[in-house]
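Notes follow the structure.
Derivation of every value follows stated rules applied to the coordinates shown; laboratory data play no part. This is a predicted model, so every value here is computed, not measured. Glycine gets a Cβ as well: all are built from the backbone with ideal geometry, and neighbour counts include every protein chain shown.
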Amino acid sequence: MGAVVRTVSGDVRGSVGGGIATFLGVPYAAAPVGVNRLAPPQPVSPWTGVRDAVTLGAEPPQVAPPTPTGPPEGAGEDWDGVGAAFEAVERAAPSEDCLNLNLWAPDPPAGGLPVMVWVQGGMFELSSTAAYDGSRFARDGVVCVVINWRPGAEGFLYVGDSIANVGLLDQVAALEWVRDNIAAFGGDPANITVFGESAGAMSIGTLLAMPRASGLFRRAVLQSGAGHQVTRAEDALRIAHDLADRLGVPPTREAIAAAGIPRLLAAQAALKADLLADPDPARWGPDVVTSTMPWQPVIDGHVLPAHPVDRISAGSARDVDVMVGTNTDDWRLWLVVSGAIAGITDEMLTGPVTTYGHQSLAAYGLTRDAVAAYRTRYPGASPGELLTKVQTDWWMRIPALALAEAHASATATARTYMYEFAWSSPGLGAVHALEVPFVFDTLSPDAPLFGPLLGSDPPQALADAMHAAWVSFARTGDPGWAAYDRERRATMRFDTTCRIVDDPRAWERGLWHGIR
């Protein structure tokens, strides 16, 4: 029979097994179709009877990701290729009717349980819930929710009208659904933790600064993403006009929506290809060139009133406990799986941004003295390895530190915690997204998307430690180590041996001071 739960919109029936009730593809907002295309989410229309929730809901329309190729040097026989990992994910078909979520809860149902809401990454261009299994959180007394939300132009088109950041507003709508319904699944609506990785963490860094998100969650975990990836309104308008030109329509929301999804996705793909081929800041804007992400949160003055870190410094998240961290070799993943790491030259590192785009260290605001400092600190590093150090710092580490500093300085009540994931996968290192299966306690080499990153013998004890820390943080606001402050800067370093390190990134913090 399964488990039947009454939501404010109607009854849903999930599946039950192993003491866990699973509900898949539950709508949290209406399908964004017709007049609601490219518009903020609207409430779900109520239904009668019982709605089955046993299969994944549709994914948002999105440009297909590139397929990485080739095993990294030294990976050995256990490496199956990240491209194969993408193919192994049994994803749902894309559809406009995509604003849905998955939920795992203990069965039989309890009450007053902590709630964790996962916001997945994907460069603000991809959104899929298929690779995330929240059952281990439910096993440990947490109601876990994973949400779909609109990426790309579907979620971040800005044409200068009164609408902006609808992908973030999707996330807000999902959190409102959780607030209004989670008690029926055993969760406590006053104890909600949002957690996410990469663009999901960047989304959360922005939610911490958004008035519309205020009060919807009590705690936040940001994994390899913070509050720096935003676009100025004038640059977002450049992207919108470029997209409209490719579609041959006026740069209005209605005209772009009327072009249809296939044409819109094709235009998005062409726009991204041109950005990578011609990274001219005068054409695209400096924020877009440096990030190479044309679709990301926009500082529109309303939905997002100002830069997230500035808002957090001013106290926008003063009532939210925050845990933020990075992986030691975060950005090495992309250069290794693409094979680009071996082709990076000294000329690329020191050349003009208009020629080499994000491969030029000048794109990150680094002076010649700063580049020389990196060479001195890593004397044996190849140009490609040196680039991974800089990109990891610019994309992940410095934004995480800035957010932690801002949050710790702005509040005397909510707590701030910092971590670093340092376990090195064979042939890869402690790369981007590698911590995710440890957090979810899903260490299987056969697991979709993340399995091939793990090698043949990932340490279960590390997964036990990380998963327990995330559960503890969601339950009590304390992951198990000292809070971060601007004197000690205590940081938990997760590895085969976990330990607290004081101010482990003082060199990077000092070098990047004043660079945003």
Can you tell me the order of 32-40, 219-227 when each peptide is scored by its average per-residue count of other Cβ atoms within 10 angstrom, highest first? 219-227, 32-40
Quick check on packing: order 344-351, 419-426, 317-324 by the mean number of other C-beta atoms within 10 Å, highest mean leading. 317-324, 419-426, 344-351
How big is D, in µm² s⁻¹, for the chain by Stokes-Einstein at 10 °C and 1.306 mPa s if Rh is the Kirkwood radius over C-alpha pairs? 69 µm²/s
So, for the Cα atoms of region 270-325, Rg and Dmax in Å stand at 15.2, 44
On alpha carbon coordinates alone, what is the Rg over Rh value for region 467-516, Rh being the Kirkwood radius? 1.06
Region 223-284 versus region 122-191: alpha-carbon centroid distance in Å: 23 Å
When the helix-only estimate is applied to the chain (DSSP H runs of n ≥ 4, each -39,500 (n - 2.57), divided by the residue count), what is the mean residue ellipticity at 222 nm, nearest 500 deg cm²/dmol? -9000 deg cm²/dmol
Region 92-177: equivalent-ellipsoid semi-axes (sqrt of 5 x gyration tensor eigenvalues, Cα, Å): 28, 14, 10
For region 1-62, what is the Kirkwood estimate of the hydrodynamic radius, computed as the reciprocal of the mean inverse distance between distinct Cα atoms, to one decimal in Å? 13.0 Å
Region 361-516 - Kirkwood radius from inverse mean 1/r over Cα pairs (Å): 17.2 Å
Cα-based Rg and Dmax for region 134-242, in Å, come out at 15.3, 49
For the ILE500, ALA184 Cβ pair and Förster radius 45 Å, calculated FRET efficiency rounded to 0.05 is 0.70
Sites ARG375 and SER338, calculated FRET efficiency, Cβ-Cβ separation with R0 30 Å, nearest 0.05: 0.80
Computed D for region 171-291, Stokes-Einstein, Kirkwood radius over alpha-carbon pairs, 20 °C, 1.002 mPa s, to the nearest µm² per second, is 127 µm²/s
Across every pair of different alpha-carbon atoms, what Kirkwood hydrodynamic radius in Å does region 232-382 reach? 18.3 Å
